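Below is one structure, written out as structure tokens; comments come after it.
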Amino acid sequence: MPRRHGAWVRYGDPIDDAQVDFAIENYQVAILQPWETGALERLKSARPDMTVLAYKCLSSTRDYEPGPVYSSGVCFEEAEEGGEHWFAHRLDGSRIEWATYPRHWQMAVWEEEYQERWCDNVADELEDSVFDGVMADNDVFDDYYGIHPPIEGDRGMAEIRATLDEFVPRVGRRLQGMGKLLVPNIAESRRDPGRWDRHAAYGGGFEEVWLGWSPEDHFDPQTVLAQAYEVAGPGLTVMRVPSDGTDDHPNFRYGLAAFWVFGGGRGGALAATAHDGYSVTPFIPELNWDLGSPTEEPRQRGNGWSRTFTNGWAAANLNSARRRKITYDVPPGLHDAQGRPAPEKVTVTPHGGAVFVRDPEA
């Protein structure tokens with residue numbers, strides 16, 4: 001089976017057999033809840049080349065999960081047994097429940113005991129598992145969940161980030177020693193030069209907001225370029241572009257075009273989902289294309305970027321103004337997703353992308 005470039009970010013509702021069948025045919029990477037062992041076994045049996053990661057949260061515990069397997073590295077009951085100092089607290093001493101995700105409790109990620117137990121639990125869980133590693137969620141940069149620093153110990157986000165700069169490598173080394181990958185969800189690394197490379201050094205990184213915050217709230221060209229290098233590694237890069245949850249949303253092709261232009265097809269996979277839309281199988285046929293190797297560096301034209309490959313061509317328009325369309329000459333011998341010959345010229349709209357692949361006979 002040829003290499004795919006789709007990522008299945010799938011940690012919502014329970015998975016059914018039809019979705020697993022579809023994933024076997026169409027994805028290169030899957031991120032599953034750690035209790036989805038049936039889906040895991042089927043994926044790895046049919047597609048040993050697929051990378052399948054277990055979801056684990058670095059920064060919270062959830063009091064609603066029945067177990068015995070949990071999405072957090074330390075479950076709520078175990079955290080209470082560990083001691084109140086495993087929970088983070090406000091300045092008045094109260095525990096911190098995430099405002100946007102009720103019944104998620106902020107953990108004291110700076111506590112060495114918590115870090116060690118997190119590593120022990122996850123290592124034990126993965127020891128005899130065919131999961132290839134962990135996607136560690138909530139490697140946070142800013143206050144996304146209403147913890148409203150300063151919190152206990154007069155800690156602000158800078159101190160919490162510094163803690164994660166220690167915690168993530170500790171997890172990474174532990175998993176690396178087992179032959180497993182660590183792929184953190186590295187929030188806003190573009191704001192801290194070097195953070196992506198530091199945190200992706202143990203298997204790869206997950207960029208949950210590739211090209212924008214939401215289907216309509218796109219990043220400006222400077223912000224896109226600040227995060228563009230992530231798609232080329234190190235390790236496995238999983239990029240998620242925001243969409244409205246439909247396969248025909250223009251962000252899907254925009255994200256894929258930028259994925260190829262800036263990453264050159266090296267070692268990554270792409271998803272497009274609605275906010276928290278992690279119960280479906282988003283897909284466009286172009287995810288299954290292999291454009292081959294780059295024949296040139298990314299070519300800039302204003303805020304448009306294009307690149308030619310041995311087996312195809314891609315272009316992305318980073319402009320925000322509606323009138324800033326860009327028309328490109330398309331290399332000959334290519335076709336679109338419907339199998340039609342590619343046009344000689346294509347006009348790419350702002351926040352749009354174009355991807356064409358070579359005909360086998362050409």
Give a quick list of trypsin sites (Lys or Arg not before Pro) in segment 65-139 that DSSP marks as loop, anything other than H, G, I, E or B, with at most 15 other Cβ atoms within 10 Å.
R90, R103
How much FRET efficiency would the formula 1/(1 + (r/R0)^6) give for D49 and T295, where r is the Cβ-Cβ distance and R0 is 35 Å, rounded to 0.05?
0.85
Debye sum, Cα scatterers, the chain, no solvent: what log₁₀ I/I(0) at q = 0.07, 0.08, 0.12 1/Å?
-0.31, -0.40, -0.88
Send over the semi-axes of segment 1-98's equivalent ellipsoid, whole angstrom and largest first, taken as the square roots of 5 times the C-alpha gyration tensor eigenvalues.
35, 13, 10
For a quick check: with amide H placed at 1.01 Å from N, whose amide H comes under 5 Å from G245's, ignoring anything fewer than 5 positions away on the same chain?
A274
By the DSSP-based rule, helices of the chain that are at least 18 Å long along the axis (C-alpha) and have a mean Kyte score of at least 0.0 are 250-263
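Antiparallel DSSP bridges in the chain: what percent, to the nearest 5?
If I count the DSSP bridges inside the chain, around 50 percent turn out antiparallel.
Restricting to DSSP loop positions (anything but H, G, I, E, B) with no more than 13 other Cβ atoms inside 10 Å of their own Cβ, which trypsin sites (Lys or Arg not before Pro) remain in segment 253-354?
Qualifying residues, ordered by number: R266, R322, R323.
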Taking R0 as 25 Å, what's the FRET efficiency between H275 and L225 from their Cβ-Cβ distance, rounded to 0.05?
0.55
Relative to the present Cα-Cα distance, how much length would full extension add between E41 and S214 at 0.36 nm per residue of separation?
58.9 nm
Stretch in the chain that is longest and holds no GluC sites (Glu not before Pro) that DSSP places in a loop and that have at most 10 other beta carbons within 10 Å:
1-126
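If the chain between D124 and A321 were fully stretched, how many nm would it gain, using 0.36 nm times the residue separation less the Cα-Cα distance?
In short, 65.8 nm is gained.
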Whole-Hz ³J(HN,Hα) for each residue in segment 147-152, computed from phi via Karplus 6.51 cos²θ - 1.76 cosθ + 1.60 with θ = phi - 60°, x for glycine and proline: what do you get?
7, 6, x, x, 10, 3
Global geometry of segment 96-135, whether rounded, prolate or oblate, following the gyration tensor of its Cα atoms and the 1.5 cut on a/c:
oblate
Average projected area of the Cα convex hull of segment 171-254, in nm²?
5.9 nm²
For D21 paired with D192, estimate the spin-label separation in nm (one decimal), with each label point 7 Å from Cα along the Cα-to-Cβ line.
4.5 nm
What is the spread of the Cα atoms of segment 232-362 along each of their three principal axes, largest first, in whole Å?
40, 34, 31
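Just the accessible area per residue of segment 244-338, please: how many Å² with a 1.4 Å probe?
43 Å²
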Using modelled backbone amide H atoms (1.01 Å from N, in-plane), which distant-in-sequence or interchain residues come within less than 5 Å of T281's amide H?
none
The Cα radius of gyration of segment 274-341, divided by 2.2 N^0.38 Å with N its residue count, comes to 1.35
Along the Cα→Cβ direction, 7 angstrom out, place labels at R173 and Y144. What is the inter-label distance in nm?
2.7 nm
Can you tell me the convex hull volume per residue for segment 113-188, based on C-alpha atoms, in Å³ to the nearest whole number?
93 Å³
Roughly speaking, to the nearest percent, how much of the chain's 1.4 Å accessible area is carbon and sulfur?
48 percent
Per residue of segment 94-99, what does 6.51 cos²θ - 1.76 cosθ + 1.60 with θ = phi - 60° give for ³J(HN,Hα)? Whole Hz please, x for Gly and Pro, Karplus curve as stated.
7, 5, 10, 8, 5, 5
Per-residue ³J(HN,Hα) for segment 81-89, Karplus 6.51 cos²θ - 1.76 cosθ + 1.60, θ = phi - 60°, Hz, x for Gly and Pro
5, x, x, 4, 6, 7, 8, 7, 9
How much length is gained on full extension from D359 to E97, taking 0.36 nm per residue of separation minus their Cα-Cα distance?
88.9 nm
Run lengths n ≥ 4 of DSSP H only: what is the helix-derived mean residue ellipticity at 222 nm for the chain, with -39500 (n - 2.57) per run over all residues, to the nearest 500?
-7500 deg cm²/dmol
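The values are calculated or read from the model by the stated rules, or taken from the named source; none is laboratory data. Keep in mind that what you see is a predicted model, and the values were worked out from it rather than measured. Cβ coordinates were reconstructed from backbone atoms using ideal geometry, including for glycine residues, and neighbour counts include every protein chain displayed. To get the accessible areas, we keep the full protein, side chains included, count just its heavy atoms, and leave off ligands, DNA and RNA. Shrake-Rupley method; radii C 1.70, N 1.55, O 1.52, S 1.80 Å.
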